[in-house]
1. Calculated FRET efficiency, D251 and R391, Cβ-Cβ r, R0 35 Å, to nearest 0.05?
2. What number comes out for accessible area per residue over the range 115-167 if the probe is 1.4 Å? Units Å², please.
3. Can you tell me what the convex hull of the Cα atoms of the chain projects to on average, as an area in nm²?
4. Which of F279, A218, F151 sits closest to the plus end of the dipole of the chain, meaning its Cα is farthest towards the positive end, when Lys and Arg get +1 and Asp and Glu get -1 on the C-beta?
5. Size of the dipole of the range 415-460 about the Cα centre, Lys and Arg at +1 and Asp and Glu at -1 on the beta carbon, nothing else charged, in debye to 20?
6. Over what distance in Å are the Cα centres of the range 285-351 and the range 212-227 separated?
7. Provide the per residue accessible area, probe 1.4 Å, for the range 464-540, rounded to a whole number of square angstrom.
8. With a ≥ b ≥ c taken as the square roots of the eigenvalues of the C-alpha gyration tensor of the range 115-167, please select rounded if a/c is under 1.5 and otherwise prolate if a/b is larger than b/c or oblate if it is not?
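The values are calculated or read from the model by the stated rules, or taken from the named source; none is laboratory data. Keep in mind that what you see is a predicted model, and the values were worked out from it rather than measured. No Cβ is skipped: glycine too gets one built from the backbone with ideal geometry, and neighbour counts run over all protein chains shown. Calculation scope for accessible area: heavy atoms of the full protein, side chains included, ligands and nucleic acids excluded. Shrake-Rupley method; radii C 1.70, N 1.55, O 1.52, S 1.80 Å.
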Amino acid sequence: MRPHQTDLEWWKTAVVYQIYPRSFQDTTGNGIGDLNGITERLGYLVDTLGVDAIWISPFYPSPMADFGYDVSDYTDVDPLFGTLEDFDRLLAAAHDLDLKVIVDWVPNHTSDRHPWFVESRSSRANPRRDWYVWHDSKPDGELPNNWQSEFGGPAWTFDERTGQWYLHSFLSEQPDLNWRNPEVAAAMFDTVRFWLDRGVDGFRIDVAHYVMKDPAFADNPAAVDPAAMATFKPMGPFNAWEHVHDRGHPDVHSVYRGFRAVLDEYDGDRFSVGEIHIFDWDEWASYYGHGDELHMPYNFSLIWAGWDADTFRTRIRALEAVVPAHGWPNHVLGNHDEQRLATRYGPENARTAATLLLTLRGQPTLYYGDELAMRETDVPAEQEQDPWGKRVPGTSRDGCRTPMPWTPGPGHGFTDPSVAPWLPFGDDAAERNVETQLGASESMLNFVRRLLRLRRARASLSRGTMNLLDDLPADVLGYEREHHTERTTVLINFSSKPQVARIASPGPMLISTDATRTDVDGTTVTLAPNEALVLGSARG
Ligand code: NOJ
């Protein structure tokens, strides 16, 4: 049992581990992971790895057009993943181990099979018509405006029967709810209460900024510099537009004040984090509200930063400048929508990236499999699953969603040896798996375990202040974390050449990605190519 901290909310010091349930552990032999699989692996998460919380991507009833992000019932479990009783067992077992559980909440859109939408589209006179965003054609018969779906094509689909268009910011199977209708807000907040009543510790909110759009439905302007937008995420033709009217309308804040009021009806520091892709830092930070909205918006700024010390430094500084005093920062380097970080940043930087993630100030989210440095899997076209990838070349997310390899042998401990999983294993799974890496002391997994232990042992890392260091070579990012008398220094060499760095606060080596390093002597150090080095010292 880990020591309880009572002075800070749990989510401030917690390391969160994201589980994509289809790919974590199959217990039924159908090649798809399930909730009982997660329950079976809690020992790995808590004792072997040492994380504090899990976020589970959607497991609710769904036609799976977008693999669960098209919810047809917010208050149940899809039979593919198990039952509500399985969820309750998972939650109880996690709590017995002092592991927090965060679930996904998808407020912007439902499935087109959700009974609300079935009613809404049945006739213009249906009482639920206004629960979704319906619009007439322009007088010339054209679409209501130029808004685009993130997954390609117009964000509007014409409904022949009722002669109007409905809005879908994602697939046409994912119609957007009309959050301007108070009945929608009330019904959706009840779904939040449903999971809070069962005891969940928090919510990850899917595309949180999307729920309020321009009520006048103005056209989006063309992007001034589409290439610049790709430095945040390459999204194909979607990046040709500035998305100023189709999401993030200021009224969104009233939604999250309402949402927060619901969370605050409950005891126990229930937590919320919003998936928010907004590149203006002040607008991004506005989702913290005055401590009365989200606990935090996700910080995705480092994902597509490129592996570059200066860009990381600039974005970390920008983040630190806007997080309000009542707020708390966070860092995400990978998730189920992004290319695997070991591929994106380069495999030689995977350990360094893990060091950054677990030593920067704020809550880290570790994506399942990144503790093994899983690579982006090359999924053959005939096995492609992701609807986005099928519609927009180059955007497939299949490669980062492949099953967790637990063992070297067939089935890799994920599913029965004779069963083909829903996505193929990485072609290195025979070597890159939990069992093999646990047996090799210098493996990525053992390195991440050591980092997690270090973070737990050092309050300066889990809760300390952060000071970015100047006076370092251009390719070296450095920072000091401090808490009371404890200081931790982190030096990261982003280049593939050795770099000589000054050590402002000398102290013994705590960990290094360079397995040959035993210690550091003196006030300068020659960092090995791609080395991350962590030193400890006491404050003066
Ligand atoms: C963001 C989710 O992370 C992604 O997986 C999903 O496809 C879209 N939102 C739509 O819900």
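1. 0.70
2. About 47 Å² of surface per residue is accessible.
3. If I average the Cα hull's projected area over directions, I get 24.6 nm².
4. F279
5. 660 debye
6. Computed from Cα coordinates, the inter-centre distance equals 24 Å.
7. 45 Å²
8. Oblate, because a/c is 1.5 or more while a/b does not exceed b/c.
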